[in-house]
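Chemist: Can you keep this structure in mind? I'll have questions shortly.
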Amino acid sequence: MQGASLAAPGKAAAAAFTIASQLCGAAFLYLILRVDGGWQVIGLLALLGLGFTLLERLPWIADYALASFASVPLVAMITAAVVVLAFPFFVGSNTYILHLLIVAELYAVLALALNFQLGSANIPNFATGASYGIGAYVSALLAINFGVSFWLTLPVAALAATLFGFIIGIPSMRTRDTYLALVTIAFGVVVQQLLNNFSWTGGPNGLVGIPAPSLFGHSFADPLVIFGWKLPSQANFYYLSAALVVVAIVTAHRLHGSRIGLAWNALRADEIAAKAQGINVAWFKVLAFAVDAFLAAFAGTIYAFYVSYISPDNFTFLVSVTIMTMVIVGGMDNIFGVIVGAFLLTILPEKLRAFADYRLLFFGVVIIGFLMIRPQGLFPQRMRRYGGDL
Amino acid sequence: MSALLKVENVTMRFGGLVALNDVSLSIDKGAVLAVIGPNGAGKSTLFNVVTGVYRPTSGRVTFDGAEITGRPSYEVVDRGIARTFQSSRLFSDLSVLDNVIIGMHTRTKTGVLDALFRPGASRREMAACVVKAEALLKLGSGDLFEQRYRPAGALAQADRRRLEIARALASQPKLLLLDEPSVGMDDTETDALVADIVRLRAENPELSVVLIEHDMRVVEAFPHHVTCIDYGSKIAEGDFAAVRADPRVQEAYLGKAVAHA
Amino acid sequence: MAELLVQQLVNWITLGCIYALLAIGFSLIFGVLNVIHFSHGDVAMTAPFITLGLAQALATALGASSPAWLVIAVPVAVLAVGLIGVVLDKVVIRRFRDAPAMMALVATVALGIVIRELIRHLYPQGSNPHAFPRLVSGMAFEVSGVAISWFALLVVVLTVALVAMLFVFLRMTPLGLRIRAASEDRIVARMMGIRDARVFRATFFIASAIGAIAGLLFASYAGVTRFDFGVMAGLLGFSAAVIGGLGSMPGAILGGLIIAGIEVLAQTFVPDGASYRLVFVFLLVIAVLIFRPAGLLGRTVMEKV
């Protein structure tokens with residue numbers, strides 16, 4: 001049943017593997033960001049496909065990888081930190097690539113946020129774009145109308161969106177499955193329509209002139225100077241978004257491995273049985289909505305201050321569907337998978353710009369394809385392991 | 001001796017269908033009550049009413065001195081009633097170990113803020129759960145402990161029943177409701193099951209058990225209190241010998257051509 | 001004052017009928033297959049495009065102006081859309097019949113996207129709105145000074161006729177009875193051998209064909225059609241079905257009338273009400289889903305524990 005398997009790696013081997021694999025990943029990401037022209041992209045995609053097929057055929061590779069990362073967590077994290085921090089230096093002044101990375105990071109956060117509901121608890125939330133939008137609008141309105149600083153708008157926007165999350169969550173207590181999805185769709189549409197119609201939200205034209213944040217006197221609109229290197233102003237937002245991704249990962253990891261994550265998985269598997277274990281299913285459903293909204297609002301705020309202009313079109317039903325695709329394709333209830341999904345589905349459509357007009361069609365077909373063939377996503381959820389067992 | 005669980009005149013109607021008709025029974029601390037009756041008689045409905053899945057149309061349920069009629073399931077579990085289901089409702093895509101840990105939900109208290117901001121405490125509590133869960137898995141018959149990382153959905157039928165019981169025990173209940181635990185078990189496995197229950201009671205003298213069963217091997221092992229339900233009504237009560245000899249019980253089982261295990 | 005009232009009444013009934021027809025499609029499919037076919041609206045809205053395209057092609061090939069060819073194009077389009085519905089079921093939707101509800105929902109949402117994009121790419125200048133002719137024009141008669149158009153009459157007559165035919169079909173033909181049986185209890189129907197492909201094919205065909213008619217009337221009413229009309233049509237039609245009760249035909253009609261009523265009321269009494277109509281409709285949908293998820297006339301299904 002197991003096939004070939006390697007003994008748990010020694011520390012040195014694990015460290016080497018961890019560092020090497022992360023560097024390879026970073027190099028691949030860099031390549032795919034840099035290339036232009038359809039054929040090179042397709043070539044890289046083929047490589048990706050190959051790598052993935054290998055992983056599928058030889059599952060011990062994945063086990064070995066996870067064992068390595070788990071045995072030298074410090075090395076793994078330091079490598080990751082170095083890669084993330086150093087990346088902009090290699091990208092140089094290519095602001096387009098930085099922009100892509102920022103958007104990918106924000107979508108990664110949104111996908112991780114949705115994963116609590118969709119992946120862990122199997123609650124289809126089609127209104128996740130609305131929480132994203134509420135976060136963006138609240139912070140933008142505060143900044144434009146009251147001159148509130150970016151850093152203060154963050155918690156306020158998060159609170160507002162969480163409140164919205166609770167509000168949607170309440171009907172979710174009594175409804176399930178399809179009906180619940182419908183309620184979220186309805187909410188999403190309502191929010192978008194209201195944003196579109198109210199004049200104080202700028203109507204269909206949205207809000208412009210959101211001021212750039214500043215930290216210790218350094219404005220994010222200015223280029224970033226580190227050790228004599230000058231990075232374009234996007235780098236500021238790149239690091240900010242990366243920090244948010246880290247927060248999202250830590251949140252996801254802690255919740256997943258805790259009593260909360262188990263309760264979500266239980267209610268996903270069988271609501272009635274979950275109740276029979278003492279789980280207050282209604283509360284946990286609402287909680288999933290709230291946590292999703294909270295993180296989504298952070299992403300929305302950063303987005304608003306990054307592009308300095310938002311409109312209801314940025315937060316449509318389609319945005320929710322896109323985020324959902326990232327979770328479905330990447331891997332339900334798998335943190336790594338979800339991030340990969342987000343990056344893949346942000347960067348690929350951009351790179352296949354030759355087929356730009358077909359992007360939506362592509363998304364639709366991809367979703368259906370995955371749901372039919374591989375509903376658990378590229379990186380399916382893994383069993384939790386405890387103690388020394390790995 | 002005051003009863004641990006008292007079901008008083010409970011009637012359960014679903015539209016025109018009367019699933020339970022003025023049923024009363026009680027069970028004391030440390031006792032075993034066997035509930036028998038033909039298929040569809042309403043036995044599982046009884047469990048559902050006691051555990052808050054359904055709110056009875058009329059009647060009362062009292063547990064440990066407090067009224068629990070119609071209280072939601074999660075609250076009932078918190079008070080100390082645990083149950084298994086007639087068709088195993090395991091969390092199929094989670095591991096055997098995780099299934100048991102989830103059973104401890106009411107005896108743990110890490111909330112969302114704890115999980116996020118006090119990860120050390122959260123992890124310690126989880127580690128303690130793992131230790132207890134592994135101990136529970138080792139206890140019963142079968143080799144659940146060796147299979148602890150397998151997805152629950154992959155287990156053989158007998159193991160599934162055992163896991164359901166282990167999960168129910170994880171919440172340290174005062175009252176255990178077992179719904180046809182021996183379904184799908186052959187004679188050897190059934191005997192092992194009976195041995196498990198006997199040992200359980202020896203280790204927890206205060207634990208009460210209500211057993212819905214079709215397999216008379218099991219009922220024979222706990223012959224002191226038996227109740228028979230047919231068409232939603234209680235038709236006999238007493239010890240096993242008396243109930244078995246009751247003509248109404250015989251008619252309920254044999255008067256209709258229904259096959260039993 | 002009376003004129004305004006009558007005019008609004010006419011609008012209400014006309015729109016209500018159109019939404020009812022859309023809702024019937026959703027309800028029929030849900031009732032029999034327990035699948036919310038979220039792309040039904042998009043399927044329905046392929047009808048105007050097929051009609052236009054066909055009429056144009058016939059005019060180019062055989063002369064005469066395209067409006068004249070509508071007589072042929074319309075029924076052909078309706079049949080074609082019926083077939084499209086069947087094909088979609090066979091290729092995509094069938095795989096999700098027994099899957100968790102969420103998957104089916106997401107899949108049909110994605111399907112809707114695919115259909116819209118295909119329309120946009122396959123129809124010349126698909127991104128632009130295209131004028132759609134009134135299927136019948138002119139005024140029929142007057143009531144208290146308000147002229148009632150032939151179109152309004154057509155809509156009502158067509159709706160009544162279709163509902164009546166559906167009623168007779170479901171109650172008196174063998175296939176119809178099998179469809180109803182499958183709708184009442186899928187499990188029992190399956191055990192009695194009613195789970196044959198014919199029932200599902202028929203359901204999809206009828207639902208899609210009726211949807212096509214609704215789509216054509218919708219485009220006719222609006223005077224224009226766009227590739228993304230399916231979104232609005234779908235959302236409104238399905239809201240009507242939910243409010244009335246998924247799986248219930250009378251519910252679909254009731255739901256359609258309610259939604260149309262909200263729309264007309266919003267337009268009349270709330271300033272700039274037209275753009276808010278979706279908000280009101282959806283707030284109502286949310287309320288129904290919370291307090292009476294089975295809808296006004298639907299049945300609640302109990303799960304065996």
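Chemist: If the Cβ limit is 6 Å and pairs must be 6+ apart or interchain, which residue in region C:139-160 that is without any contact (Cβ under 8 Å) to a residue 24 or more places away in the chain and outside any helix (DSSP H, G or I) pairs with which residue that is small (Gly, Ala, Ser) and surrounded by fewer than 17 Cβ atoms within 10 Å (Cβ to Cβ)?
Modeler: Final answer for the pair search is C:Met139/C:Ala147.
Chemist: Ok, one more. May I ask you to say which residue of A:Pro213, A:Pro223 is in contact (Cβ under 8 Å) with a residue 60 or more places away in the chain and over 24 Å from C:Val281 (Cβ atoms)?
Modeler: A:Pro213
Chemist: Right, another one. In this structure, is A:Val245 among the β-branched types (Val, Ile, Thr) and at the interface with chain B (Cβ under 8 Å from one of its Cβ atoms)?
Modeler: no
Chemist: Test each condition in (1) small (Gly, Ala, Ser); (2) in contact with a helix residue (DSSP H, G or I) (Cβ under 7 Å, 6 or more places away or on another chain); (3) within 30 Å of A:Lys11 (Cα to Cα) for A:Ala121 and report the one that comes out false.
Modeler: Condition not satisfied by A:Ala121: (3).
Chemist: Would you confirm whether any residue within region B:39-53 is free of Cβ contacts under 8 Å to residues at least 60 places away in the same chain and touching a helix residue (DSSP H, G or I) at 6+ places or on another chain (Cβ under 7 Å)?
Modeler: For region B:39-53, residues free of Cβ contacts under 8 Å to residues at least 60 places away in the same chain and touching a helix residue (DSSP H, G or I) at 6+ places or on another chain (Cβ under 7 Å): present.
Chemist: Which condition does A:Ala274 not pass, out of (1) out of contact with any His (no Cβ under 9 Å at 6 or more places or on another chain); (2) free of Cβ contacts under 8 Å to residues at least 12 places away in the same chain; (3) crowded, with 24+ Cβ neighbours inside 10 Å, if it passes all the others?
Modeler: Only one criterion in (1) out of contact with any His (no Cβ under 9 Å at 6 or more places or on another chain); (2) free of Cβ contacts under 8 Å to residues at least 12 places away in the same chain; (3) crowded, with 24+ Cβ neighbours inside 10 Å is unmet by A:Ala274, namely (1).
Chemist: Can you confirm whether A:Val327 is within 13 Å of the chain's Cα centre (by Cα), at pLDDT 90 or above and either aliphatic (A, V, I, L, M) or outside any helix (DSSP H, G or I) (or both)?
Modeler: In short, yes.
Chemist: Further question on the same structure: So which residues in region A:284-294 are in contact with a Gly (Cβ under 9 Å, 6 or more places away or on another chain) and either more than 9 Å from every other protein chain (Cβ to nearest Cβ) or within 20 Å of B:Gly52 (Cβ to Cβ) (or both)?
Modeler: A:Lys285, A:Val286, A:Ala288, A:Phe289, A:Asp292, A:Ala293, A:Phe294
Chemist: Looking at (1) farther than 26 Å from B:Val112 by Cβ; (2) over 20 Å from the mean Cα position of the chain (by Cα); (3) among the charged types (D, E, K, R), can you tell me which one A:Arg384 breaks?
Modeler: (1)
Chemist: Of the conditions (1) among the hydrophobic types (A, V, I, L, M, F, W, C); (2) part of a helix (DSSP H, G or I); (3) modelled with pLDDT of 90 or more, A:Ile279 satisfies every one except a single condition; which number is it?
Modeler: A:Ile279 satisfies all of (1) among the hydrophobic types (A, V, I, L, M, F, W, C); (2) part of a helix (DSSP H, G or I); (3) modelled with pLDDT of 90 or more except (2).
Chemist: Might you let me know whether region B:54-67 holds any residue that is within 9 Å of chain A (Cβ to nearest Cβ), within 17 Å of A:Ile279 (Cα to Cα) and in contact (Cβ under 8 Å) with a residue 40 or more places away in the chain?
Modeler: No; the residues of region B:54-67 include none that is within 9 Å of chain A (Cβ to nearest Cβ), within 17 Å of A:Ile279 (Cα to Cα) and in contact (Cβ under 8 Å) with a residue 40 or more places away in the chain.
Chemist: While we're on this one: What number of residues in region C:73-102 are over 15 Å from C:Gly230 (Cβ atoms) and either facing chain A (nearest Cβ under 8 Å) or hydrophobic (A, V, I, L, M, F, W, C) (or both)?
Modeler: Counting residues in region C:73-102 that are over 15 Å from C:Gly230 (Cβ atoms) and either facing chain A (nearest Cβ under 8 Å) or hydrophobic (A, V, I, L, M, F, W, C) (or both) gives 18.
Chemist: Please list, ordered by residue number, the helices (runs of 4 or more DSSP H) wholly in region B:180-256 having 2 or more residues that are surrounded by 13 or more Cβ atoms within 10 Å (Cβ to Cβ) and touching a Cys at 6+ places or on another chain (Cβ under 8 Å).
Modeler: Fully inside region B:180-256 and qualifying: B:247-254.
Chemist: Ok, one more. Taking the condition part of a helix (DSSP H, G or I), over 20 Å from A:Phe116 (Cβ atoms) and touching a strand residue (DSSP E or B) at 6+ places or on another chain (Cβ under 8 Å), does A:Ala235 pass?
Modeler: Here the answer is yes, as A:Ala235 does meet what is asked.
Chemist: Just a yes or no: is a residue in region A:339-360 buried (at least 23 other Cβ atoms within 10 Å of the Cβ), within 12 Å of chain C (Cβ to nearest Cβ) and either outside any loop (DSSP other than H, G, I, E, B) or aliphatic (A, V, I, L, M) (or both)?
Modeler: Checking region A:339-360: not a single residue is buried (at least 23 other Cβ atoms within 10 Å of the Cβ), within 12 Å of chain C (Cβ to nearest Cβ) and either outside any loop (DSSP other than H, G, I, E, B) or aliphatic (A, V, I, L, M) (or both).
Chemist: Step by step: first the residues of region A:122-157, then only those that are surrounded by 24 or more Cβ atoms within 10 Å (Cβ to Cβ) and within 14 Å of another protein chain (Cβ to nearest Cβ), then the one that is farthest from A:Ile328 (Cα to Cα). Which residue is that?
Modeler: Among residues in region A:122-157 that are surrounded by 24 or more Cβ atoms within 10 Å (Cβ to Cβ) and within 14 Å of another protein chain (Cβ to nearest Cβ), the one farthest from A:Ile328 (Cα to Cα) is A:Ala130.
Chemist: Which of the numbered conditions does C:Tyr276 fail, given that it passes all the others? Conditions: (1) modelled with pLDDT of 85 or more; (2) within 13 Å of another protein chain (Cβ to nearest Cβ).
Modeler: (1)
Chemist: Oh, and also: Taking region A:43-71 only, how many residues are among the aliphatic types (A, V, I, L, M) and either surrounded by fewer than 13 Cβ atoms within 10 Å (Cβ to Cβ) or in contact with a Lys or Arg (Cβ under 6 Å, 6 or more places away or on another chain) (or both)?
Modeler: 3
Chemist: Mind checking which pairs have a first residue in region A:156-181 that is closer than 30 Å to A:Leu142 by Cα and a second that is surrounded by fewer than 17 Cβ atoms within 10 Å (Cβ to Cβ), Cβ under 6 Å, 6 or more apart or different chains?
Modeler: These pairs meet every condition: A:Pro171/C:Ile290.
Chemist: Right, another one. Being in contact with a Lys or Arg (Cβ under 8 Å, 6 or more places away or on another chain), polar (S, T, N, Q) and either within 7 Å of another protein chain (Cβ to nearest Cβ) or at positive phi (or both) is the requirement here; does B:Ser95 meet it?
Modeler: For B:Ser95, the condition - in contact with a Lys or Arg (Cβ under 8 Å, 6 or more places away or on another chain), polar (S, T, N, Q) and either within 7 Å of another protein chain (Cβ to nearest Cβ) or at positive phi (or both) - is met.
Chemist: Please find, among C:Leu105, C:Leu111, C:Leu70, the residue that is in contact (Cβ under 8 Å) with a residue 24 or more places away in the chain and either more than 9 Å from chain A (Cβ to nearest Cβ) or in contact with a strand residue (DSSP E or B) (Cβ under 8 Å, 6 or more places away or on another chain) (or both).
Modeler: Selected residue: C:Leu70, the only one of C:Leu105, C:Leu111, C:Leu70 that is in contact (Cβ under 8 Å) with a residue 24 or more places away in the chain and either more than 9 Å from chain A (Cβ to nearest Cβ) or in contact with a strand residue (DSSP E or B) (Cβ under 8 Å, 6 or more places away or on another chain) (or both).
Chemist: Of everything in region C:125-183 that's within 30 Å of C:Val32 (Cβ to Cβ) and charged (D, E, K, R), which residue is surrounded by the most Cβ atoms within 10 Å (Cβ to Cβ)?
Modeler: So, considering only residues that are within 30 Å of C:Val32 (Cβ to Cβ) and charged (D, E, K, R), the one surrounded by the most Cβ atoms within 10 Å (Cβ to Cβ) is C:Arg178.
Chemist: List the residue pairs whose Cβ atoms are under 7 Å apart, where the first residue sits in region B:101-120 and is more than 7 Å from every other protein chain (Cβ to nearest Cβ), the second is in a helix (DSSP H, G or I) and among the hydroxyl-bearing types (Ser, Thr, Tyr), and the two are 6 or more positions apart or on different chains.
Modeler: B:Asp114/B:Ser122
Chemist: Identify, by number, the condition in (1) without any contact (Cβ under 8 Å) to a residue 12 or more places away in the chain; (2) within 14 Å of chain B (Cβ to nearest Cβ); (3) in contact with a Leu (Cβ under 6 Å, 6 or more places away or on another chain) that A:Ala252 doesn't meet.
Modeler: Only one criterion in (1) without any contact (Cβ under 8 Å) to a residue 12 or more places away in the chain; (2) within 14 Å of chain B (Cβ to nearest Cβ); (3) in contact with a Leu (Cβ under 6 Å, 6 or more places away or on another chain) is unmet by A:Ala252, namely (1).
The values are calculated or read from the model by the stated rules, or taken from the named source; none is laboratory data. These figures come from a predicted structure and were not determined experimentally. Every residue, glycine as well, gets a Cβ built from its backbone with ideal geometry; the counts of neighbours run over all protein chains shown.
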